[in-house]
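Working notes, structure below.
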Amino acid sequence: MREGPIEGPGRVALSFADLEGWKADDQSAALTAFRRSCQRILALDDQAPLDTRGADISIYGLAGDWRPACKAAASVGGGPAAARAYFETWFAPVRFEAGTESGSLITGYFEPVMKGSLTAGGIYRTPVLAFPAAFAEARAAGKPLPSRAEIEDMVASGRIDRRNALVWLADPVDAFFLHVQGSGRVELPDGRILRLAFAAKNDRPYTSIGKVLIDMGAIPREEVSMQTIRAWLEAHPDRIPSILRQNESYIFFRLLAGAAPDAGPPGAEKVSLTPGRSLAVDRRYHPLGALLWLDTRSPEPYGPGKVTLRRLMVAQDTGTAIRGLQRADVFWGADSGAAEIAGRMKEPGELIALVPKAIAPER
């Protein structure tokens with residue numbers, strides 16, 4: 001661990017008293033999530049960055065700077081007061097000078113629940129694919145992978161073996177949202193539940209279907225949400241293939257075996273996500289495992305209103321559409337309330353980093 005604060009531009013030291021809502025938050029939930037990240041951080045070399053995707057070490061430091069706090073996390077007692085005291089003892093809040101930039105956007109995601117079958121037939125006609133071995137070989141050889149349209153055609157023609165399908169879904173719109181969310185649960189006809197987790201992608205550019213529908217004049221920009229996109233697609237089933245093929249990006253999955261029913265799916269950090277506390281971030285700015293104070297709003301689960309959302313989060317995931325210093329996606333869980341919130345959440349907000357005191361700028 002280094003001695004003294006890290007020097008660098010773009011940071012403003014704060015106190016916890018500056019974080020509106022800090023004392024009202026139950027940081028014990030964030031501590032539970034952070035302990036999972038600490039298991040990964042403690043396995044890193046002291047001189048290693050928290051993440052390998054380019055997040056600024058002048059802000060977040062190196063793994064060794066986090067090691068004392070991660071070791072101390074294991075012995076913190078239960079309850080909000082103990083968790084709050086832990087974070088106040090070991091960390092200091094730091095605002096980014098661009099923290100209130102107009103480009104901030106906070107959205108939500110969830111773990112969808114779908115109907116499916118292990119065999120194709122009847123209503124079960126949309127495959128969820130594992131990453132084909134031939135694609136892995138092509139990637140290793142530096143060759144580009146097929147687009148979404150090409151992959152779908154390869155399945156239809158048999159050039160991708162149907163045995164590559166992990167499960168067959170009853171609804172192509174469910175498959176679309178599974179690709180967007182990156183994980184999901186599939187209820188089989190016999191009542192069993194399969195868990196699906198992200199395995200790979202085809203490295204093609206991501207195109208928002210919401211934007212496609214806006215550009216078509218199908219949905220007004222201010223009304224776009226998961227719910228309105230689903231409603232439009234279900235009302236125009238003959239248009240679904242051509243609309244979805246405008247997004248060249250394609251996601252492949254793996255079966256998540258042995259996961260506890262109440263455990264969240266693994267994120268990019270390869271730890272179980274915690275509903276309401278795990279955050280997907282742009283790893284160019286925020287490393288996996290980082291602590292971030294979130295100040296934004298979220299929709300009421302089943303109402304038209306919005307509520308203030310101020311809480312401590314842990315960066316444990318990322319996403320193709322998550323781009324920017326003040327861009328983040330809140331993981332909400334797998335129930336119907338989570339889907340309602342995540343599908344309609346689209347708010348400005350601010351992320352404030354919590355960094356180990358030893359490397360925090362001086363106030």
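The numbers here are math on the coordinates, done by the rules we state, and not lab data. Note that this is a predicted model, so its numbers are computed, not measured. Using ideal geometry, Cβ is built from the backbone for each residue, glycine included, and neighbour counts are taken over all protein chains shown.
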- prompt: Residue by residue through the stretch 148-160, which ³J(HN,Hα) values in whole Hz follow from phi under the Karplus form 6.51 cos²θ - 1.76 cosθ + 1.60 (θ = phi - 60°), with glycine and proline marked x?
  reply: 4, 4, 5, 5, 4, 5, 5, 5, 4, 8, x, 6, 10
Contour minus Cα-Cα distance for Arg221 and Arg284 (0.36 nm per residue): 19.9 nm
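Report, to two decimal places, the Cα Rg of the stretch 89-242 normalised by 2.2 N^0.38 Å (N = number of residues).
Here the answer is 1.26, to two decimals.
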- prompt: Long-range amide H contacts for Thr126: which residues qualify at under 5 Å (H placed 1.01 Å from N, peptide plane, sequence gap of 5 or more or a different chain)?
  reply: Leu169
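Grab the DSSP H runs of the chain that are 4 residues or longer, score each as -39,500 (n - 2.57), total them, divide by all residues and round the 222 nm result to the nearest 500 deg cm²/dmol. Can you show the working numbers first?
Numbers: 11 runs with 101 residues, N = 363.
Rounded to the nearest 500, the figure is -8000 deg cm²/dmol.
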task: Return the sequence-ordered ³J(HN,Hα) values of the stretch 14-24 in whole Hz as given by the Karplus equation 6.51 cos²θ - 1.76 cosθ + 1.60 applied to θ = phi - 60°, using x for Gly and Pro.
output: 10, 10, 5, 5, 6, 8, 5, x, 4, 6, 8
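I need the GluC sites (Glu not before Pro) found in the stretch 279-363, filtered to DSSP loop residues with at most 11 other beta carbons within 10 Å of theirs. Mind showing how you got there, number by number?
Working: sites: Glu340, Glu350, Glu362; in loops: Glu362.
Answer in residue order: Glu362.
Is the stretch 228-310 best put as rounded, prolate or oblate by its Cα gyration tensor, with a ≥ b ≥ c the root eigenvalues, rounded for a/c under 1.5, and otherwise prolate when a/b is larger than b/c, oblate when not? Please report the intermediate quantities before stating the final value.
On the way: a/c = 1.76, a/b = 1.27, b/c = 1.39.
The shape class here is oblate.
Given an 8 Å cut-off on Cα distances and at least 6 residues of separation, report the relative contact order of the chain as a percent.
Working: 740 pairs, mean separation 102.2, N = 363.
After rounding, I find 28 percent.
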Residue-wise HN-Hα coupling along the stretch 199-212, computed from phi with Karplus coefficients 6.51, -1.76, 1.60 (Hz; x: Gly, Pro): 10, 6, 9, 8, 6, 8, x, 8, 10, 5, 5, x, 5, 4
message: Taking the number of other C-beta atoms within 10 Å as the exposure measure, put Ser272, Ser278 in order starting with the fewest.
response: Ser272, Ser278
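Convex hull over the alpha-carbon atoms of the chain: what's its volume per residue in Å³?
154
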